[in-house]
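Reviewing the structure listed below.
None of the figures in this text is laboratory data; all of them are computed from the coordinates on show. Here the structure is a predicted model, which means the values were calculated and not measured.
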Amino acid sequence: MSLKRKAVTALVPILLVAVPGIYIFTHPESFTPGQLKKFDLNGMLKEINEKTKTLGLLNKDIYNGLLQLDAQSGKTQTVSQELIEVNQGVRKQGTTLEEIRRVTGQQVTLSQNLNRLSKQLSTQMELISNSGQKQVDQAVDLKSVTTSTRSKLAEVLKQNDLLEQKLKQAADKAEKVNRSMP
């Protein structure tokens with residue numbers, strides 16, 4: 001701020017007090033006590049202060065009344081939300097209500113879609129579970145068949161070994177008989 005501006009700013013309050021005082025002092029006959037009140041800056045400031053305090057108390061009462069109204073209206077979410085928005089001055093009431101309706105409608109549709117998807121997934125999971133159980137049962141049966149086949153094959157091999165030994169003995173006897181014949 002320039003020096004000239006600072007000087008003018010400092011002189012304004014002094015002139016506001018001094019000029020009327022000098023005029024009253026130099027022309028006392030032209031003023032009555034009622035007119036002097038018009039130039040009583042301290043008195044005016046005191047009166048303004050008192051009125052400001054009164055207005056402050058009234059504003060406080062209005063604010064408290066609005067808070068009580070807000071607390072009482074908090075019984076439903078929609079009404080409470082609208083009062084908060086009105087008190088804050090954030091949105092227009094009609095636009096906000098329409099947005100809430102639109103979003104709520106979208107949420108209902110989304111919820112219905114998710115419910116259908118959940119049912120489909122449940123059905124598919126049940127089918128997978130049943131299929132898995134069938135595979136487990138078939139694996140148990142296959143293991144049983146494999147174990148049974150293995151034991152039967154072992155028995156067949158054992159019988160084959162015995163048969164081979166008997167055939168070998170028979171071949172040896174046939175060879176002996178064949179050699180003993182002229």
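What number, in nm² with one decimal, is the all-direction average of the projected area of the convex hull of the alpha-carbon atoms of the stretch 110-182?
6.9
Excluding same-chain pairs closer than 8 in sequence, count the lysine pairs in the stretch 109-182 whose Cα atoms lie under 19 Å apart. Intermediate values should be presented prior to the final figure.
Numbers: K134/K143; K143/K152; K158/K166; K158/K168; K166/K176; K168/K176.
Taking the Cα cut-off of 19 Å, the pair count is 6.
State the extension gain, in nm to one decimal, for the chain segment bounded by A10 and N160, taking 0.36 nm per residue of separation less the distance between their alpha-carbons. Intermediate values should be presented prior to the final figure.
On the way: separation 150, 0.36 × 150 = 54.00 nm, distance 12.95 nm.
Extra length from A10 to N160 when fully extended: 41.1 nm.
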